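Student: Please read through the structure below; I'll follow up with questions.
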Amino acid sequence: MNLNTEQIVAGVQDIVEDSKDRSDALQRISELLKEEVPHYDWVGFYLVEDGRLKLGPFVGDDTEHTDIDFGEGICGQAAEREENFVVPDVSEEDNYLSCSPRVRSEIVVPIYSGKEVVGELDIDSHTRDTFTERDEKMLGEICEILGEVI
Ligand code: SME
């Protein structure tokens, strides 16, 4: 049985409190989300370093997109505009970086420290049009927790 959204957010809080460092926390959170939500097929973090997005801990297929400029792809646009991006069908997007041909939809939620974007939570699904406001709300709560610790 999968955890509900409140239990997942509580699980993230527990991980943040007892992980040994940031990388350990982000890896375990990626694993928790992928394990608990059936439509999450790739879950990972990009962290802002030297003005670019650097791939951090993730679970799922390897990706060649380890360094992304602001404005580039869905991740770069979310960082530049400081907005969540929900993409129901990635094949309809011009400014998109493909990590795997199996991906159909994507959600990206920025992580803020104060007003500044310091990273992002990026999730891909092999199912088209699968992300709802419930996902956006839960992932927003998780990113708020992380903004305090990243
Ligand atoms: N699809 C993203 C790139 C990251 S991979 O999906 C892991 C984008 O367009 O920015």
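Student: For the chain, divide the Cα radius of gyration by the Kirkwood radius and give the resulting Rg/Rh value with two decimals.
Tutor: Value, to two decimals: 0.93.
Student: To make sure I understand, if each residue's beta carbon is the centre and we count other beta carbons within 10 Å, what order do Asp69, Asp50 fall in, fewest to most?
Tutor: Listed from fewest to most nearby Cβ atoms, that is Asp50, Asp69.
Student: Right, something else. Around Leu3, under 15 Å between beta carbons, what's the net of Lys plus Arg minus Asp minus Glu among the other residues?
Tutor: Charge balance near Leu3 sits at -4.
Student: Continuing with the same structure: How do Asp21, Asp135 rank when sorted from fewest to most other Cβ atoms within 10 Å of their own Cβ? Please report the intermediate quantities before stating the final value.
Tutor: Working: Asp21 8, Asp135 20.
Ascending number of Cβ neighbours within 10 Å: Asp21, Asp135.
Student: If you average 1/r over every pair of different alpha-carbon atoms in segment 1-81 and take one over that average, what Kirkwood value in Å do you get?
Tutor: 13.7 Å is the Kirkwood radius here.
Student: Near Val48, within a Cβ-to-Cβ distance under 9 Å, what is the net charge of the other residues, with Lys and Arg +1 and Asp and Glu -1? Provide the component values of the computation, followed by the final result.
Tutor: Working: positive: Arg52, Lys54; negative: Glu49, Asp50, Glu116, Glu120.
Cβ neighbours under 9 Å give a net charge of -2.
Student: Could you work out [θ]222 nm for the chain from helices alone, using -39500 (n - 2.57) per DSSP H run of at least four and dividing by all its residues? Round to the nearest 500 deg cm²/dmol.
Tutor: On the way: 4 runs with 53 residues, N = 150.
Rounded to the nearest 500, the figure is -11000 deg cm²/dmol.
Student: Sum up the charges of everything whose Cβ sits under 9 Å from the Cβ of Glu106, counting Lys and Arg as +1 and Asp and Glu as -1, but leave Glu106 out.
Tutor: Around Glu106, the surrounding residues sum to -2.
Student: Still on this model: Determine the dipole magnitude for the chain: charges of +1 sit on the beta-carbon of Lys and Arg, -1 on that of Asp and Glu, nothing else is charged, the reference point is the Cα centre, and the result goes in debye to the nearest 20.
Tutor: Values: 13 positive and 37 negative charges, 40 e Å.
For the chain, the charge dipole is close to 200 debye.
Student: OK, next. Take each uninterrupted DSSP H stretch in the chain, measure its Cα extent along the helix axis, and return the ones at 15 Å or beyond whose mean Kyte-Doolittle hydropathy is at least -0.5.
Tutor: Membrane-span-like by this criterion, though nothing is claimed about a membrane: 5-18, 133-147.
Student: Along the charge dipole of segment 4-126, pointing to its positive end and built from +1/-1 on Cβ of Lys, Arg, Asp and Glu, which listed residue (Gln7, Val109, His65) has its Cα farthest out?
Tutor: Going by the charge dipole, the pick is Gln7.
Student: What length, rounded to one decimal in nm, is gained on full extension from Tyr112 through to Asn2, with 0.36 nm per residue of separation minus their alpha-carbon distance?
Tutor: Extending this stretch completely gives an extra 36.8 nm.
Student: Tell me, what HN-Hα J-couplings in whole Hz come from the Karplus equation 6.51 cos²θ - 1.76 cosθ + 1.60 at θ = phi - 60° for each residue of segment 109-123, using x for Gly and Pro?
Tutor: Computed from phi, the couplings for segment 109-123 are 10, x, 10, 10, 10, x, 9, 9, 6, 10, x, 8, 9, 10, 10 Hz.
Student: Next up: For labels at Glu49 and Thr127 in the simple 7 Å Cα→Cβ model, what's the distance in nm?
Tutor: 3.4 nm
Student: Sort Glu64, Glu93 so the one with the fewest other Cβ atoms within 10 Å of its own Cβ comes first.
Tutor: Placing the least packed residue first, the sequence is Glu64, Glu93.
A short reminder: the numbers here are calculations on the coordinates, not readings from a lab. Everything quoted here is computed from the prediction, not taken from an experiment. Here Cβ is always computed from backbone atoms with ideal geometry, including for glycine, and neighbour counts include all displayed protein chains.
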